[in-house]
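As structure tokens, the structure follows; a few thoughts come after it.
The values are calculated or read from the model by the stated rules, or taken from the named source; none is laboratory data. Remember, predicted model here, so these are calculated numbers, not experimental data. Here the Cβ positions follow ideal geometry from the backbone for every residue, glycine too, while neighbour counts run over all protein chains shown. Surface areas here come from the heavy atoms of the whole protein model, side chains and all, with no ligands, DNA or RNA. Shrake-Rupley method; radii C 1.70, N 1.55, O 1.52, S 1.80 Å.
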Amino acid sequence: MTENVLQISNLHKRYGRIRAVDGLSLDVRKGDVFGILGPNGSGKTTTLSIILDVVNADEGSFSWFGGTPSRHDRKRIGAILEQPAFYPYLSAFNNLQIIADIKEVDHGLIPEVLKTTGLYDRKNSAFRTYSLGMKQRLAIAGALLGRPEVLIFDEPTNGLDPKGIAEIRNLILELSKQGFTIILASHLLDEVQKTCTHVAVMNKGTKLFQGTVAEVLNKTNLLELAGNDMPGLTAICGQSGDVKTLRQEGSTLLVELNEGVAIETFHDYLINQKIILTHLFIRKNTLENTFLELLKNNP
Ligand SMILES: Nc1ncnc2c1ncn2[C@@H]1O[C@H](COP(=O)(O)OP(=O)(O)OP(=O)(O)O)[C@@H](O)[C@H]1O
Ligand SMILES: [Mg+2]
């Protein structure tokens, strides 16, 4: 069985009348790249602040590594909640020395984290001369000091240009390969789709969905069909108990299959009914479809 890294149970946090987090439960396991996805104001940062003991919850509980929070556990977690304050006139290396002292970790680890984040060649440049992307990578380098097992990132690519975004995403994928468990909050679907193995969709402090990203993307139960005999095709599809919805879209028939129905099974049914298809296309699901659908149904 995979190890539990974080368990959140029925967490609540109010700010006056605003329910920032409203009964949230989550499970993160070792090796997950866990995306908390939600629109602005859905409670992502508040959730991360609670699990990092920066903010106290009103109700509910969370536990790290299957136990009650302790000082030692905090050392197993590296986090970037907001842009850390670096000294602009000091070099990246000197800035990391200061962080290492605060964290009470050996300076010998600094070259390693600089290499991991691709900053080793620029280690002697002053922080103020760094690009935004490099600053973010330095923040990640700081989080890596102390060799944590879990990394927490809040909107890791905010404000970066496409190149900077790609660099951070590749770095996250690389860190995942190295075995880190990663929890990241993002309002960007694309980000979660590209970097995460698991996703929890949040809205207004509650969780609308939790599952694997692959599961969401492979939920392909929407088919485009066309044949020489469209009325016949429509009738046969309409008679199938496996079809959930059916509608004409342009020159094709859009068929949504019931959950769990294999496309092959439905295709066999059509062949048995002597239907000859001139077009069969499986519409790939995207996280975006699922996300928008969830938000539409839970305004
Ligand atoms: N310190 C605070 N005081 C009052 N309200 C707050 C505070 N922090 C958060 N909130 C409110 O709680 C709700 C959730 O905020 P939070 O920052 O957790 O959302 P988020 O999902 O991180 O949003 P974003 O994508 O914009 O970062 C919002 O309505 C926000 O205004
Ligand atoms: Mg936030």
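Of note:
- At 0.890 mPa s and 25 °C, Stokes D of the range 17-132 from Kirkwood alpha-carbon radius, µm² per second: 144 µm²/s
- One quarter of the surface of the convex hull around the alpha-carbon atoms of the range 221-283 equals 3.6 nm², the direction-averaged projected area.
- Take the Cβ atoms of Asp242 and Asp27, set R0 to 41 Å, and the FRET efficiency comes out at 0.80.
- Eligible aspartates and glutamates near Lys296 by straight Cα distance, threshold 17 Å, same-chain separation 8 or greater: Glu288
- Helix axis angle, 132-144 relative to the chain longest principal axis, alpha carbon, degrees: 70 degrees
- Residue-span extension gain [Val105 to Asn158] - 0.36 nm each, minus C-alpha spacing: 16.2 nm
- Placing unit charges on the Cβ atoms only, positive for Lys and Arg and negative for Asp and Glu, gives the range 221-283 a dipole magnitude near 120 debye about its Cα centre.
- Relative to the dominant Cα principal axis of the chain, helix 287-297 is inclined by about 80°.
- Listed residues Val55, Leu26, Thr212: farthest to the positive end of the dipole of the chain (Cβ charges): Val55
- Taking the Cα atoms of the chain, the ratio Rg/Rh between the radius of gyration and the Kirkwood radius comes to 1.10.
- With all protein chains in place and a 1.4 Å probe, the accessible surface of the chain carries 50 percent carbon and sulfur.
- Within the range 243-281, backbone nitrogen closer than 11 Å to the virtual label 7 Å beyond the Cα of Met230 toward Cβ: 248-254
- Per residue value of the accessible surface for the range 150-299 (all protein chains in place, 1.4 Å probe), Å²: 51 Å²
- Short-range pairs are left out: with C-alpha atoms under 8 Å and at least six residues apart, the relative contact order of the chain is 20 percent.
- In plain terms, the bigger the Kirkwood radius, the slower the diffusion; for the range 162-299, with that radius from Cα pairs, at 20 °C and 1.002 mPa s, Stokes-Einstein puts D at 123 µm²/s.
- Added length on full extension, which subtracts the Cα-Cα distance from 0.36 nm per residue, Arg74 to Lys177: 34.8 nm
- Most mobile of Glu59, Glu112, Glu249 in a GNM of the chain (Cα contacts under 10 Å): Glu249
- The lysines within cross-link reach of Lys177, meaning a Cα-to-Cα straight distance under 22 Å and a gap of 8 or more places when in the same chain, are Lys30, Lys75, Lys115, Lys163, Lys194.
- Dipole moment magnitude, nearest 20 debye, the range 153-299 about Cα centre, only Lys, Arg, Asp, Glu C-beta charged: 140 debye
- Considering only beta bridges that DSSP places wholly inside the chain, some 65 percent are antiparallel.
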